[in-house]
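Have a look at the structure below, then the notes.
What follows draws every value from the coordinates through simple rules; no lab data is involved. This is a predicted model, so every value here is computed, not measured. FYI the Cβ positions are ideal-geometry reconstructions off the backbone, even for glycines, and counts take in every protein chain you see.
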Amino acid sequence: MRVVLAEDLFLLRDGLVRLLEAHDFEIAAAVESGPELARALAEREPDVAVVDVRLPPTHTDEGLQCALEARRRRPGLPVLVLSQHVEQLYARELLADGSGGVGYLLKDRVFDAEQFVDAVRRVARGGTAMDPQVIQQLLARQSGGDRPLARLTPREREVLELMAQGRTNAAIAGRLVVTERAIAKHTANIFAKLGLEVSDDDNRRVLAVLAYLDHGR
Amino acid sequence: MRLMSMNTNTKRDGTTSRARGMVRAAWRGLVLAVVSLPLSVLCLALSLLSIALVPVGIGLVTTPWVLTGVRAFADWRRVLSAEWGGVRIPPAYRPVPEDANPWTRTFTLLRDPAVLRDLRWLPVDMTAGFVTALLPAVLVLYPLEGFALAAGLWRTMAGGPYAEYGPYWYGFVPVDDQVSALGAGALGAVLLVVAHRYAVSAFQAHFRLTRAVLGSNQTELAERVRVLTETRRDAVDTSAAELRRIERDLHDGAQARLVAMGMDLGTVEALIEKDPAKARELLARTRQSSAEALTELRELVRGIHPPVLAERGLGDAVRALALRLPVTTEVNVELPGRAEAPVESAAYFAVSEVLTNAVKHSGADRLWVDLHHADGHLRVTVGDNGKGGAVVGAGSGLAGVERRLGTFDGVLAVSSPAGGPTMVTMEIPCALS
């Protein structure tokens, strides 16, 4: 699997290269600035891009803008965005085209190599990887008063949280140490309570849940 | 008895020194009036002539010279005001660039409020200024004429060949015989008493008049200085308090965690062969600590300068802020550019504080924020549909916001009737880039 990596801090870039190579990824390019990233994305045609939001020369959200632009040119280009902070605003922009293949994680998540690599793979396959912090913010906003979310049991809420992060039923089952059948039952309950249409497609399901959490429907 | 005589002595001394002051004021006023009237007239005439000649070009060369002369004259009067009247009139001219061409020089001078004040002062000085300068001399000299009339001068002025022209008028006293001349003498005496009492203050009035016209608008400047002093103190206090808070947070948070992590890693090193299971457990704990340290640092950074503000500017930073609030918040932004970073930061934290207040106290279920820029001002309006009753009082968050904005000459207005709704408007003068 070919990866284009953009990160301006040498230590972190070097560490990510090593981490990804150790997990059988091929580094097509490891760059440190916005213009270089734009060129690499256009020329190297990677399977997935791992991009830091803030890049030189402007040190603003250059990385995010590059990633969004690349996805406009090549819809569905898998992009995993890393940042020192996560904002629902940015998550919304990444998810706006509704085509999946998007990840948005705190840089801290690279501490857990297995989970991080799993997220990169998931995004590369067209799935979603949303940082738990984003999901918690979304849940906090939608849980007030008599919103449908308030009617979920604690277990269902846990399942919803993991589902919104982009995990499959199997992964959620493994995480919560229950059977996949039990998760499927929770999922059905959650969708019924929120009034969402059940979908067998994991990715469509995640996007529906995220849209629900973001806009309350 | 002794005490009484001392009193008498003091009184006599006071009277003597006052008499001396009267004579001095009269003399100086006379000199001042006589010398400055022609100079004022000359300065005004030359200035007007020179400015009138600007369109044909000659004025461009002469005006700086003439205005410099006017300034020298005004400066001389400033010195006299300070020395003779104790009235200080600080000059406030703008500097003119040394190597400026005549055009720039002329127009820099003509645009200087201090120079314009000089020109406005000249006609006042040759009229009201002249009269007030002359007044002490008149008050002192006129009584002398009254005494002279009483002493016999009346015969010359109203008698003999002048008799057919009617009486000689001294003030309001018609003098035509010795009795009326004595009346004139009495009036003179009264005037002398008045002069003795008021000549010095009349002379003072001249300098106060000069200051009123020539001096810069002191009260306005003083007010400005007061405001600047106050807001600067607030700004320094606020930033010092912020730095203390950051220092404490780092000290108790990230720094302490890094120390603990270093210690744990040392233990891991020692245990790695003896007790690998324990070592692994400690490593997991270290990783947890590093994650927590990062979270704390992230919150700290958000409090110093929110990353979205740096990355996207005020509009998106407020949008991102709104998305973090538990209450539905509508954000409307019309900013064609970005303000300077300090202004953006002040506006952001002001909005943040007002929104937090609204969430905590208003009981509202809808908030809205409107950001736009017009007439050189950034205007931010934050509203809610809550129960109202918000005040800018001591200790309230809004007072802090007002202080913060004050540093940038920004203002805060709160409309919050009991029962709501609340609307907080903030305005900061700034340019967008």
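Only a single criterion out of (1) within 14 Å of chain A (Cβ to nearest Cβ); (2) crowded, with 21+ Cβ neighbours inside 10 Å is not satisfied by B:Val351, namely (1). Between A:Asp61, A:Asp97, A:Asp52, the distinction of being of a type in the set (Asp, Glu) and at the interface with another protein chain (Cβ under 10 Å from one of its Cβ atoms) belongs to A:Asp61 only. For region A:69-94, enumerate the residues that are away from chain B (no Cβ under 13 Å) and over 14 Å from the mean Cα position of the chain (by Cα). Residues satisfying the conditions are A:Glu69, A:Ala70, A:Arg71, A:Arg72, A:Arg73, A:Arg74, A:Pro75.
Based on this model, can you work out whether B:Ala347 counts as closer than 23 Å to B:Val411 by Cβ, small (Gly, Ala, Ser) and in contact with a Gly (Cβ under 9 Å, 6 or more places away or on another chain)?
Working: closer than 23 Å to B:Val411 by Cβ: yes; small (Gly, Ala, Ser): yes; in contact with a Gly (Cβ under 9 Å, 6 or more places away or on another chain): yes.
Yes, satisfied.
Looking at the structure I just gave you, is B:Leu53 at negative phi, among the aliphatic types (A, V, I, L, M) and in contact with a Gly (Cβ under 7 Å, 6 or more places away or on another chain)? When the stated conditions are applied, B:Leu53 passes them. Counted as qualifying within region A:58-128 are the helices (runs of 4 or more DSSP H) with 1 or more residues that are under 20 Å from B:Val301 (Cα atoms), among the aromatic types (Phe, Trp, Tyr) and touching a residue at least 24 places away in the same chain (Cβ under 8 Å), namely A:88-95.
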